[in-house]
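The structure appears right after this line, and notes come after that.
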Amino acid sequence: MDSARTDSARTDDARTEEAFSARLRAATWSDHDDNETSAYMSALVEGRLGREEYAVLVAQLHPVYELLEEAADRMASDPAAGPFDLPGLRRLDALEADLAFFYGPRWRARIEPNASTARYCERLREVCATWPGGFVAHHYTRYMGDLSGGQYIGVQVRKTLALSAGDDGVRFYRFPGKPKAYKDRYRALLDAAPWDAAEQDRVIGEVKTAYRLNAAVTAELDGSIRPSAA
């Protein structure tokens, strides 16, 4: 075996030995950080957004989760992708409750996707219905984020908007179980997924794409920030 093949074999062996969840996290960490650099996200995490400014984000998330959860239904019988749809993880009902809180009972007539959200949704339609790894990549990007940094954002939103002691307006961030338990189970599923090194690389590439699409959505929301909050 020549040296190039030997090096390639060693690389594949190392990928196989390393837990996929850890490799995925490490390979996309910088993409995750880049996703939080828009003026809108800065204002959100720093508690500088008003009620209407925050509500526009909820409106953009709705079509994304609608497509993700439709894809979850289609992937339910897939042995690799189906298990990632953990009980209690879905967010669409909570999102719609938050939209009703911010926009009223006729919220559907008051929201529409911006151009970046439309592109994001187009990508979801392209990969989530037929490619299990693509579904998991986008599912991972959104739901693991909701279980992690999203928990801090929920606290900030509730505090900044002076919401009541209930969950109205922040139901999206409230899970029936403990976030850590969900994340631990999710990582275990990633590590058990029957993907070889090449497919893992493909999934990692799609996670990077998902982060870029998410970043574009929030960057387009920069224009919705009032000057006093910028």
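The values are calculated or read from the model by the stated rules, or taken from the named source; none is laboratory data. This structure is a prediction, so every number in the text was calculated from the model and none was measured. Note that each Cβ is placed from the backbone with ideal geometry, even for glycine, and that neighbours are counted across all protein chains shown.
Okay, here's what the table says:
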quantity: Residue among ALA181, ALA216, ALA193 that is surrounded by 13 or more Cβ atoms within 10 Å (Cβ to Cβ) and under 18 Å from LEU24 (Cβ atoms); calculated: ALA193
quantity: LEU99 being closer than 14 Å to ALA59 by Cβ and without any contact (Cβ under 8 Å) to a residue 40 or more places away in the chain; calculated: no
quantity: Subset of the stretch 152-164 (residues that are surrounded by 14 or more Cβ atoms within 10 Å (Cβ to Cβ) and assigned to a helix (DSSP H, G or I)); calculated: ILE153, GLY154, GLN156, VAL157, ARG158, THR160
quantity: Whichever residue in the stretch 90-107 is touching an Asp or Glu at 6+ places or on another chain (Cβ under 9 Å) and of a type outside the set (A, V, I, L, M) and, among such residues, is surrounded by the most Cβ atoms within 10 Å (Cβ to Cβ); calculated: ASP98
quantity: Filter pass, ALA197 being free of Cβ contacts under 8 Å to residues at least 24 places away in the same chain, over 22 Å from MET41 (Cα atoms) and over 15 Å from the mean Cα position of the chain (by Cα); calculated: no
quantity: Leading residue by the ranking (farthest from GLY133 (Cα to Cα)) among those in the stretch 175-208 that are touching an Asp or Glu at 6+ places or on another chain (Cβ under 9 Å) and part of a helix (DSSP H, G or I); calculated: PRO179
quantity: Qualifying residues in the stretch 44-89 (those that are in contact (Cβ under 8 Å) with a residue 40 or more places away in the chain and in contact with a Gly (Cβ under 7 Å, 6 or more places away or on another chain)) - the one surrounded by the most Cβ atoms within 10 Å (Cβ to Cβ); calculated: MET75
quantity: Filter pass, GLU122 being part of a helix (DSSP H, G or I), without any contact (Cβ under 8 Å) to a residue 12 or more places away in the chain and either surrounded by 16 or more Cβ atoms within 10 Å (Cβ to Cβ) or within 17 Å of the chain's Cα centre (by Cα) (or both); calculated: yes
quantity: Criterion violated by PRO79 - all others in (1) over 19 Å from ARG212 (Cα atoms); (2) assigned to a helix (DSSP H, G or I) satisfied; calculated: (2)
quantity: Odd one out for PHE135, checked against (1) buried (at least 19 other Cβ atoms within 10 Å of the Cβ); (2) more than 12 Å from the chain's Cα centre (by Cα); (3) farther than 24 Å from TYR54 by Cα; (4) of a type in the set (Phe, Trp, Tyr); calculated: (2)
quantity: Of the criteria (1) modelled with pLDDT under 95; (2) of a type outside the set (Gly, Ala, Ser); (3) surrounded by 21 or more Cβ atoms within 10 Å (Cβ to Cβ), which one MET144 fails; calculated: (1)
quantity: Criterion: of a type outside the set (Gly, Ala, Ser) and outside any helix (DSSP H, G or I) - qualifying residue of ASP146, ASP167; calculated: ASP167
